[in-house]
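Data block below; observations after.
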Amino acid sequence: MRQLGVSYPSAWLMKHKIMESMRLREHTRQLSGRVELDDAYLGGERSGGKTGRGSENKVPFVLAVQTTNGGEPHRVCMAQLPFRRTALAEFVAARLLRPLTVVSDGLDCFTVAAQAGVHERIVTGGGKSSVKLPQFTAVNTILGNFKTAIAGSYHAFKFAKYAGRYLAEFQYRFNRRYRMHELLPRLVHALACAKPRNTSLIRAPEVPC
């Protein structure tokens, strides 16, 4: 807003149109090989509201991280969706390809990963100790980086309405980090090729998978 000398609504609209182009570029992203899978939330508990997973202010999303042979994060797929078997089955079918080894915790809906390949299910029991397990180093690293980026750049936004775009923005940037010099020109090309999207469409709540 300050750099371009435009109003906040204009800057907001430009930002979301850019993120929408990033989302469209990433919606066919697929992972293979060894993939760490985890569940997470955006948003915190509201005063006087429900606590834990039942909080009305928490938006669920899943994070899949393809690792290198050395266990480092390589590529990532993120999606806002409920932690149900049907939703996870659609995500796995669309985003994960054989040969595939999925490593996840004991969340029940992750059992559908066995349909796509080898599934290593590790019941962690929750708590702080679970995030220190070496089997989940990559996914926990990416999750920490994502939440730090959100808190540092945006502080807060309407998670329930626009979480998908913010997930896609992080995914777009991360998956292109090997060729940073091409990131901006390729994004400009994506924006130039994108179909027009009016304000009402951009402001409409996103529908999770």
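One residue alone among 188, 207, 139 is within 17 Å of the chain's Cα centre (by Cα), at pLDDT 85 or above and of a type in the set (Val, Ile, Thr), and that residue is 139. Applying the criterion of being out of contact with any Leu (no Cβ under 8 Å at 6 or more places or on another chain) and part of a loop (DSSP other than H, G, I, E, B) to the residues of the stretch 103-125, the residue that is surrounded by the most Cβ atoms within 10 Å (Cβ to Cβ) is 105.
For the stretch 73-90, how many residues are in a helix (DSSP H, G or I) and crowded, with 16+ Cβ neighbours inside 10 Å? Counting residues in the stretch 73-90 that are in a helix (DSSP H, G or I) and crowded, with 16+ Cβ neighbours inside 10 Å gives 3.
Hey, any hits in the stretch 86-93 for a residue that's out of contact with any Cys (no Cβ under 9 Å at 6 or more places or on another chain) and either modelled with pLDDT of 90 or more or not hydroxyl-bearing (Ser, Thr, Tyr) (or both)? Working first, answer last.
So the first thing to find is which residues in the stretch 86-93 are out of contact with any Cys (no Cβ under 9 Å at 6 or more places or on another chain), and the list is 92-93.
Checking the rest, the ones that are also either modelled with pLDDT of 90 or more or not hydroxyl-bearing (Ser, Thr, Tyr) (or both) come to 92-93.
For the stretch 86-93, residues out of contact with any Cys (no Cβ under 9 Å at 6 or more places or on another chain) and either modelled with pLDDT of 90 or more or not hydroxyl-bearing (Ser, Thr, Tyr) (or both): present.
Residue count for the stretch 79-118 under the criterion of being of a type in the set (Ser, Thr, Tyr) and touching a residue at least 40 places away in the same chain (Cβ under 8 Å): the result is 2.
The values are calculated or read from the model by the stated rules, or taken from the named source; none is laboratory data. All values derive from a computational prediction rather than experimental measurement. Every residue, glycine as well, gets a Cβ built from its backbone with ideal geometry; the counts of neighbours run over all protein chains shown.
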